[in-house]
Amino acid sequence: MNEKNFLKKKANEIRDQVIEISVKNKAGHIAPSLSCVDILVALYYDVMSYKPEDPLWEERDRLVFSKGHGCYALYAILADKGIMPKEEWKEFYTASSALSGCIERRPEYGLEASCGSLGHGLPISVGIAFGAKLLGKSYHTFCVMGDGELQEGTTWEALQFAVKHNVGNLTVIIDSNKLRAMDFIVNVLDKKSNDKIRKLKGFDLDPVVCQGHDTEKLAKVLRKARQSKETRPNVIIAETVKGCGLKCMENVPKFHFRIPTDEELSMGKSYE
């Protein structure tokens, strides 16, 4: 089995788990969790430096998952890697598990920051990366955020600081599924679909656009970013589909927080 097939197969396994456990436990943020599966698989199974047996290893790469409500895929991966107990994930969103619908900081489980109120994860990531730079640490910080967070003021304040202070040991991955909560991005603040690129370049950044459901290409782009000697933050725009994998959910705003019915589930999966 080559690497491409391994990553693709693993992403489909994680999708299966997200759908099965979320529906069983009646956890509603399925669609935002499905759009970032491939991003997280590329990070955890290929790119990031960490020790599953020692989640608190000081030299580990840090991942701040800013779109904290879409965390189901991250939980599934951390359980699959043995970083958190599998039972915590299987019983997620029930009284039998400590895992909540939005991420709460628990480093021993691989959860680096509490997120969910959007726009907070990137400032935290900038602080972690800047601190590592001051201390001469070699670990890299990754921040996964939604494109809706590009309509938050704290995002641009954090980027301005990171560019000014040469925080190059940071990679920002934008899960660009073009939806924020219950509406499309262009219907809220952005005028055009490419506004994010124009704005990022205006902050002296050089975003790389990548197909967000191609795990092999994602891994290649992310490896390059981690190894980069660039003094500015690396920004990757991963073009994704909200609800990717479930035909009833894909690109449908009403599924931001909603359990699909049996009839909707019978429409099937797009990756089978």
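Conditions tested, residue by residue: (1) under 22 Å from Ile259 (Cβ atoms); (2) in contact with a Ser or Thr (Cβ under 9 Å, 6 or more places away or on another chain); (3) buried (at least 18 other Cβ atoms within 10 Å of the Cβ).
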residue	(1), (2), (3)
Asn5	no, no, no
Lys10	no, yes, yes
Glu13	yes, no, no
Glu20	yes, no, no
His29	yes, yes, yes
Cys36	yes, yes, yes
Ala42	no, yes, yes
Asp46	no, yes, yes
Pro55	no, no, yes
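Testing Asp175 on (1) free of Cβ contacts under 8 Å to residues at least 12 places away in the same chain; (2) outside any loop (DSSP other than H, G, I, E, B), one condition comes back false. Which one is that?
(1)
If we keep just the residues of the range 60-102 that are assigned to a loop (DSSP other than H, G, I, E, B) and charged (D, E, K, R), which is surrounded by the fewest Cβ atoms within 10 Å (Cβ to Cβ)? Outline the logic, then answer.
First, pick out the residues of the range 60-102 that are assigned to a loop (DSSP other than H, G, I, E, B): 60-61, 66-67, 71, 81-85, 91-102.
Filter once more, keeping what is charged (D, E, K, R): 60-61, 67, 81, 91.
Working: Arg60: 18, Asp61: 20, Lys67: 29, Lys81: 15, Glu91: 17.
So, considering only residues that are assigned to a loop (DSSP other than H, G, I, E, B) and charged (D, E, K, R), the one surrounded by the fewest Cβ atoms within 10 Å (Cβ to Cβ) is Lys81.
Tally up the residues in the range 196-255 that are in a strand (DSSP E or B), hydrophobic (A, V, I, L, M, F, W, C) and in contact with a Lys or Arg (Cβ under 7 Å, 6 or more places away or on another chain), please.
3
Answer yes if at least one residue in the range 60-67 is over 17 Å from Ala113 (Cβ atoms) and in contact with a Phe, Trp or Tyr (Cβ under 9 Å, 6 or more places away or on another chain), and no otherwise.
no
Do we have Leu189 as touching a Leu at 6+ places or on another chain (Cβ under 8 Å), of a type in the set (A, V, I, L, M, F, W, C), more than 30 Å from Lys9 (Cα to Cα) and part of a loop (DSSP other than H, G, I, E, B) here?
no
Working carefully through the options Lys178, Lys199, find the one that is charged (D, E, K, R) and touching an Asp or Glu at 6+ places or on another chain (Cβ under 7 Å).
After ruling out the rest, the residue left standing is Lys178.
Residues in the range 157-188 that are within 16 Å of the chain's Cα centre (by Cα) and of a type in the set (Asp, Glu): how many?
1
Glu250 - would you say it is surrounded by 15 or more Cβ atoms within 10 Å (Cβ to Cβ), without any contact (Cβ under 8 Å) to a residue 24 or more places away in the chain and of a type in the set (Asp, Glu)?
Yes; evaluated as a whole, the condition is true for this residue.
Residue-wise test of (1) assigned to a helix (DSSP H, G or I); (2) aromatic (Phe, Trp, Tyr); (3) farther than 19 Å from Ile83 by Cα; (4) free of Cβ contacts under 8 Å to residues at least 24 places away in the same chain.
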site	(1), (2), (3), (4)
Asn12	yes, no, yes, no
Ile21	yes, no, no, no
Ala31	yes, no, yes, no
Leu40	yes, no, no, no
Ser49	no, no, no, no
Asp54	no, no, no, yes
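On the basis of being under 24 Å from Asp46 (Cα atoms), assigned to a loop (DSSP other than H, G, I, E, B), out of contact with any Pro (no Cβ under 8 Å at 6 or more places or on another chain) and touching a residue at least 60 places away in the same chain (Cβ under 8 Å), does Ser125 make the cut? Working first, answer last.
Values: under 24 Å from Asp46 (Cα atoms): yes; assigned to a loop (DSSP other than H, G, I, E, B): no; out of contact with any Pro (no Cβ under 8 Å at 6 or more places or on another chain): yes; touching a residue at least 60 places away in the same chain (Cβ under 8 Å): yes.
No.
Return the residue satisfying two criteria in turn: it lies in the range 103-121 and is outside any loop (DSSP other than H, G, I, E, B) and touching a residue at least 24 places away in the same chain (Cβ under 8 Å), and of such residues it is surrounded by the fewest Cβ atoms within 10 Å (Cβ to Cβ).
Only one residue fits best here, namely Glu108.
Please enumerate the residues belonging to the range 201-231 that are in contact (Cβ under 8 Å) with a residue 60 or more places away in the chain and not polar (S, T, N, Q).
Gly212, His213, Asp214, Glu216, Leu218, Ala219, Leu222, Arg223, Arg226, Lys229, Glu230
From (1) crowded, with 18+ Cβ neighbours inside 10 Å; (2) under 29 Å from Trp156 (Cα atoms), pick out the condition that doesn't hold for Arg223.
(1)
Only the coordinates and a few stated rules stand behind these numbers; no lab work does. For clarity, every value in this text was computed on a predicted model and none was experimentally measured. Virtual Cβ from ideal backbone geometry, glycine too; neighbours counted across all protein chains shown.
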